[in-house]
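This report refers to the structure that appears directly beneath it.
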Amino acid sequence: MSMQDPIADMFTRIMNIKARNRTEVKDIPMSKEKVAILEVMQKCGYVDSFQTLTKEESEKSYPTITVHLRKVDGQFSIDRIKRVSKTSNRKTVKNTNIPRVMGGLGTAILHTSSGVLSCHEARSAGVGGEVICYIYS
């Protein structure tokens, strides 16, 4: 059975592990877009590290990603992740309308012509694009 929205699945796995008060998310099916999103999350300080495993290194029959969530003073850096642009309803913004999440305390992740960027990077680069998600801290 195929997955309808693999990025939303990754966000759900991250939030489920957070709800169980664990820091390691294992066996996320790998894609280039997920790796790019995790790189932005790591730059913004929401993820400590992540590791990509090839098909041979993984216990699964496909390449996977293992994510280590960041905790500061016993609290997770991620409070909530909201998927904005879905497969059925794309949300794009111009460079002048890039959203501010929680008045600048959160982060929006955008898929732009320059790659996957945080809202801060997209604003400084002057590019708009598709809003992938909002991350509340």
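All of (1) in contact with a strand residue (DSSP E or B) (Cβ under 7 Å, 6 or more places away or on another chain); (2) within 14 Å of residue 132 (Cα to Cα) hold for residue 86 with one exception: (1). For segment 89-126, filtering for residues that are of a type in the set (Val, Ile, Thr), over 21 Å from residue 32 (Cα atoms) and not in a helix (DSSP H, G or I) leaves 3. The residue list 78, 28 contains one member that is modelled with pLDDT under 95, surrounded by 12 or more Cβ atoms within 10 Å (Cβ to Cβ) and assigned to a strand (DSSP E or B), which is 28. Among the criteria (1) of a type in the set (Val, Ile, Thr); (2) surrounded by 13 or more Cβ atoms within 10 Å (Cβ to Cβ); (3) in a loop (DSSP other than H, G, I, E, B), the one residue 135 does not fulfil is (3). Of 35, 40, all but one fail to be surrounded by fewer than 18 Cβ atoms within 10 Å (Cβ to Cβ) and not in a strand (DSSP E or B); the exception is 35. In a residue-by-residue description of segment 47-56, the property of being touching a strand residue (DSSP E or B) at 6+ places or on another chain (Cβ under 6 Å), basic (Lys, Arg) and more than 20 Å from residue 84 (Cβ to Cβ) applies to no position. With respect to residue 7, is the statement that it is surrounded by 13 or more Cβ atoms within 10 Å (Cβ to Cβ), touching a Cys at 6+ places or on another chain (Cβ under 9 Å) and closer than 22 Å to residue 120 by Cβ true? When the stated conditions are applied, residue 7 passes them.
The values are calculated or read from the model by the stated rules, or taken from the named source; none is laboratory data. Given the structure is predicted, the values throughout are model-derived calculations rather than measurements. Here the Cβ is made from the backbone with ideal geometry for all residues, glycine too, and neighbour counts use every protein chain on show.
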